[in-house]
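No lab work stands behind these numbers, since they all come straight from the coordinates. Note that the structure is a prediction, hence the values are computed from the model and not measured. For neighbour counting, all protein chains shown are included, and Cβ atoms are generated from backbone atoms with ideal geometry for every residue, glycine included.
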Amino acid sequence: MRGNPEVVDYLNMLIGGELAARDQYLIHSRMYEDWGLTKIFERIDHEMQEEAAHADSIIRRVLFLEGTPNMNRDDIETGEDVVSCLKADLKLEYHVRDKLAQGVKLCEEKGDYITRDMLRQQMSDTEEDHTYWLEKQIRLIELIGLQNYIQSQM
Ligand SMILES: [Fe+2]
Ligand SMILES: [Fe+2]
């Protein structure tokens with residue numbers, strides 16, 4: 001079914017952010033694993049799969065709307081220790097959240113309510129799961145100290 005061209009272009013721009021989130025979680029989770037931080041590795045490995053699923057849904061929607069998915073991913077920021085990894089991931093999630101919100105608005109303006117619902121679902125994952133979890137980790141580190149936090153993630 002032919003989609004609104006502005007919606008298709010916007011979805012193509014969103015794919016880049018989801019692919020960046022996927023790859024940033026890929027490298028960070030493998031770094032955590034290498035550091036022996038099994039618990040946080042498992043969590044971030046799971047986030048990576050969710051970002052791949054987000055990209056997948058958008059790619060399928062673009063194809064359905066008769067567009068050509070753009071697979072260029074946005075740049076990633078790789079941290080060098082636990083805190084800088086968490087902060088880089090949070091920054092990316094805030095960025096994606098804002099882009100999703102603008103996408104929801106555009107879909108409403110163009111009357112594409114199915115795409116809007118898909119983006120709303122991704123916003124819910126972004127806000128209430130990924131972002132919230134990252135904010136909690138940074139708060140925990142402030143509360144109990146980095147050494148204790150790291151110990152809790154082994
Ligand atoms: Fe996502
Ligand atoms: Fe996310």
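Structure above, values below:
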{"item": "Some residue of region 50-62 being among the hydroxyl-bearing types (Ser, Thr, Tyr), in a helix (DSSP H, G or I) and out of contact with any Leu (no Cβ under 7 Å at 6 or more places or on another chain)", "result": "yes"}
{"item": "Subset of region 129-148 that is within 17 Å of the chain's Cα centre (by Cα) and more than 18 Å from GLY17 (Cα to Cα) - its residue that is surrounded by the most Cβ atoms within 10 Å (Cβ to Cβ)", "result": "GLN137"}
{"item": "Residues satisfying the stated conditions in region 14-38, i.e. away from ligand 2 (no atom under 16 Å from the Cβ) and either in contact (Cβ under 8 Å) with a residue 60 or more places away in the chain or over 19 Å from the mean Cα position of the chain (by Cα) (or both)", "result": "TYR32, GLU33, ASP34, TRP35, GLY36, LEU37, THR38"}
{"item": "Scan of region 66-94 for residues that are in a helix (DSSP H, G or I), surrounded by fewer than 17 Cβ atoms within 10 Å (Cβ to Cβ) and away from ligand 2 (no atom under 13 Å from the Cβ), ordered by number", "result": "VAL83, SER84, LYS87"}
{"item": "Count of residues meeting criterion [touching a residue at least 12 places away in the same chain (Cβ under 8 Å), over 20 Å from ASP45 (Cβ atoms) and not in a helix (DSSP H, G or I)] in region 135-154", "result": "0"}
{"item": "Residues of region 40-76 satisfying the condition of being in contact with a Lys or Arg (Cβ under 7 Å, 6 or more places away or on another chain) and within 16 Å of ligand 1 (Cβ to nearest atom)", "result": "MET48, GLU51, ALA52, ALA55"}
{"item": "Residues that are touching a residue at least 40 places away in the same chain (Cβ under 8 Å) and either charged (D, E, K, R) or in contact with a Phe, Trp or Tyr (Cβ under 8 Å, 6 or more places away or on another chain) (or both), drawn from region 103-128", "result": "GLY103, LEU106, CYS107, LYS110, ASP112, ASP125"}
{"item": "Among the residues listed as ARG97, ARG120, the single one being more than 30 Å from MET31 (Cβ to Cβ), part of a helix (DSSP H, G or I), under 14 Å from the mean Cα position of the chain (by Cα) and within 14 Å of ligand 1 (Cβ to nearest atom)", "result": "ARG120"}
{"item": "Residue pairs meeting the criteria (Cβ under 6 Å; at least 6 apart or on separate chains; first closer than 17 Å to SER124 by Cβ, in region 44-61; second surrounded by 14 or more Cβ atoms within 10 Å (Cβ to Cβ) and among the acidic types (Asp, Glu))", "result": "GLU51/GLU18; HIS54/GLU18; ALA55/GLU18"}
{"item": "Test: residue in region 43-65 that is over 21 Å from TYR10 (Cβ atoms), surrounded by fewer than 17 Cβ atoms within 10 Å (Cβ to Cβ) and either of a type in the set (Phe, Trp, Tyr) or away from ligand 2 (no atom under 13 Å from the Cβ) (or both)", "result": "yes"}
